[in-house]
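Here's the structure, in structure tokens; my notes come after.
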């Protein structure tokens, strides 16, 4: 998961750059995935724009996909300091 860049209390952008591979294992070019979303005031859901751009190895654009996205958020009670393998659960 890539880091989020918060643009305020309720808006963030996530933009990882990935490398795409062919079925034979060779690299075929980078993929840029971008989410630009807003979290609702109740902090229970978010919505916004999603886009994917795929390029070949020399930078030529191959595919551009855009969609609107939305999802529900749920609270989790996770303690990152406790390892599942530590026997402390």
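What ranking, highest mean first, results for peptides 32-39, 54-61, 12-19 when packing means the other Cβ atoms within 10 Å averaged over each residue?
Working: 32-39: 16.4, 54-61: 11.4, 12-19: 13.4.
Highest mean packing first, the order is 32-39, 12-19, 54-61.
Starting from the Cα of residue 36, step 7 Å along the direction of its Cβ; do the same at residue 61; then give the gap between the two resulting points in nm.
Reported label-point gap for residue 36 and residue 61 is 1.4 nm.
Read-outs: derived from the displayed coordinates by stated rules, not from any lab. Note that this is a predicted model, so its numbers are computed, not measured. When we count neighbours, we look across all protein chains shown, and the Cβ atoms used for this are built from the backbone with ideal geometry, even at glycine.
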